1. At a 1.4 Å probe, what is the % contribution of carbon and sulfur to the accessible area of the stretch A:12-200?
2. Sticking with the crude label model, points 7 Å out along Cα→Cβ, report the distance from A:Y292 to B:D355 in nm, one decimal please.
3. Could you give the angle, 0 to 90 degrees to the nearest 10, between helix B:351-371's Cα long axis and the longest principal axis of the Cα atoms of chain B?
4. Just for chain A, what percent of DSSP beta bridges are antiparallel, to the closest 5?
5. Determine the sum of side-chain charges near B:L312: Lys and Arg each +1, Asp and Glu each -1, restricted to other residues whose C-beta is under 12 angstrom from that of B:L312.
6. Projecting each Cα onto the charge dipole of the protein assembly as shown (Lys/Arg +1, Asp/Glu -1 at the beta carbon, about the Cα centre), which of A:S141, B:W204, A:Y166 comes out farthest on the positive side?
7. Starting from the amide H of B:V22, placed 1.01 Å from N in the peptide plane, find each other amide H under 5 Å away whose residue is 5 or more places distant or on another chain.
8. Which value, in debye to the nearest 20, describes the size of the charge dipole of the stretch A:66-140 about its Cα centre when Lys and Arg Cβ atoms bear +1, Asp and Glu Cβ atoms bear -1, and nothing else is charged?
Amino acid sequence: MAQVEGSVTVSTEILSLSRAMNEGLRKAMEHDSKVVVMGEDVGRLGGVFRVTDGLQKDFGESRVIDTPLAESGIVGTAIGLALRGYRPVCEIQFDGFVFPAFNQITSQLAKMRLRSLGMLELPVVIRIPFGGGIGAAEHHSESPEAYFTHTGGLRVVACSNPSDAYTMIQQAISCPDPVILFEPKRRYWDKAPVDLDLSGAAPLGRAVVAREGEDVTLLAYGPMVKTCLEAAQADGSRSIEVVDIRSLSPLDEATVLSSVRKTGRCVVVHEAPVFSGYGAELAARVTERCFYDLEAPVLRVGGFSTPYPPSRLEDHYLPDLDRVLDAVDRTFAW
Amino acid sequence: MTIDAARGTPRGTVAESPPGLVQLLTPAGERVEHPDYEIDLTAEEIKGLYRDLVIVRRLDTEALALTRQGELAVWPSLRGQEAAQIGSARALLPGDMAFPSYREHGVAWCRGVDPVKVLGSYRGINHAGWDPRKHNLHLPTIVIGSQALHATGYAMGIQRDGAEDAVIVYFGDGATSEGDLNEAFVWSAVQNAPIVFFCQNNQWAISEPSERQSRIPLHRRADGFGFPGVRVDGNDVLACLAVTRKALDGARSGQGPTLVEAFTYRMGAHTTTDDPNRYRLQAEVEAWQLKDPVDRVRAYLLKSRTADQEFLDEVDAEAKEVGADLRRRCLELPDPELDELWDNVYVAEHPLLADERARFTSYLRSFDEVSR
């Protein structure tokens, strides 16, 4: 598959986000025999989004576990496996199904290092396909990231493109702390070149400037990065910078703040409800840290303070290019 | 040490019916007796069950077609499970309360829910379409097993009311692994709640065979919780009716919960987004085809001369009409209004939601102004 053509190097392949995640998992499993994958339908089926396709065939049933239909059990037993020296990678099939595991994640997984005075570590990864835009039934389109960023002891990251999917899953697995990895399910089939050599990759905790601009900064992660890039592209009159947050907790403040200091304007975009959402933290932090650099208040674009709607209303609920640019307009009208 | 000690025998084709299975009508349509379960139905009642089976299959087929044509976003087919649903739901009295999962279209039919109202959530226009109190059928529950605790609490309410109603809760083989379901077993047992746990063991939780959920037959789980468990031929509508009726009578008369495991098969995909060819053999599907829940009743009706071909033709014609009517009315279902995003989240207007509604409505109007 390797190609040598133009800017595409020998270690680059065109992969969908799902496939890139699959390749990353495969790399991690080849690299460390203690890595085990567990979840509902991850084995024979290869996951409902095919992220684990072929892994059980290649690594066996003891390393790729079709679990009972019990999310609390998936995370709880992952904790036990980690205590025994394994590096479990759990799949929660859809965002809305993580809540039966909430106790295990927030009360158990997040706290164990501290409770053991640093003697125990739990290198558990929890992968969660999240977000809407696929016309799905209830509980299949949610963005629960703020519940987890609110919980000390967890690292929370979100990938937005195939390259980061490939990289971040491997970095998450090698991370000694528990990592929640949110995967933008509506972007699973987006394809892009992926550099299979990790040496130049940004570290797990780093935000990246996905598009440079001068006039306003858009802060986004997961599925909204692409929406923001499209908005920036569509706006002919202003130069819009897009920062892909990537790591929600810990937040790479340096990258975020230096962008906002440069542009003086900031709009935060996510699918989750605006009220008490992760954007509230970004807005507050940016305001605190670079108040005198701001030309306008930090604005937020996101979902409403309602349960996720039936799919025929989701286009209203989800931020789109127009709503992002409307917020950009408002920051200039200040 | 082997990892798969609990896995049981490999799956290929289906073995003969498992031991202990309550059956009153064989796959060939022969009436058989069971020492613990009797059923005495009039010809009209049996014909009524047949009509239910044929119609819900037709409704399901129509919904599948609507999904393939893009009119529904997704559909979880009940095909193969008609007898489990019709038999159990026809055992309910009007005052009994049923808590479904998301595949119980046949139960909805028996509870008098207009079939088009079942389609709303799959068309993406609402989350649930019927009045749960009017039909004594609760909303569908997608998060697996959660409804078992709701059902248990409802049954505790019946006890406190001194009423003689009972509760039935539907779930699948996969749900038996969830904490909520096992907590419901514990609660209902120690409360002696008037509830029937009706497990449709359709053998597959998406791609995972039931051996992935349990090392023992599911109905025997009840032993450990301290109430009876029974395994019934889930493709035998008469047996499902008899077993459920007895369990409901027991609940009503203060004997507490029963677990009914209806041994059946999901003939289709988990939902229209699933591809079962990735994980199960066609031979298994074909073996279950021979145990079809509708065919055996038809065979019985003809063999016993309970009904003639003319009746069967009438039912087919009616089912066709009900299916066509469902299709027509599905296409006429209105899209939801924007305001439905914020309506009904709270009992009264919530200031934050009111603000969101006002701002977003004004935002949408700004497009009209631009285009004018």
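1. Looking at the stretch A:12-200 in its full context, I get 52 percent from C and S.
2. 3.0
3. Once rounded, one gets 60 degrees.
4. For chain A, the DSSP antiparallel bridge percentage is about 25.
5. So the surrounding residues net to -4.
6. The Cα lying farthest towards the positive end belongs to A:Y166.
7. Amide H to amide H, under 5 Å and 5 or more residues apart or across chains, B:V22 pairs with B:R231, B:V232, B:D233.
8. Approximately 440 debye in magnitude.
The values are calculated or read from the model by the stated rules, or taken from the named source; none is laboratory data. Everything numeric here is computed off the predicted structure, so don't read it as measured data. Please note: Cβ atoms are built from the backbone with ideal geometry, for glycine as well, and neighbour counts cover all protein chains shown. Accessible surface areas use protein heavy atoms only, side chains included; no ligands, DNA or RNA. Shrake-Rupley method; radii C 1.70, N 1.55, O 1.52, S 1.80 Å.
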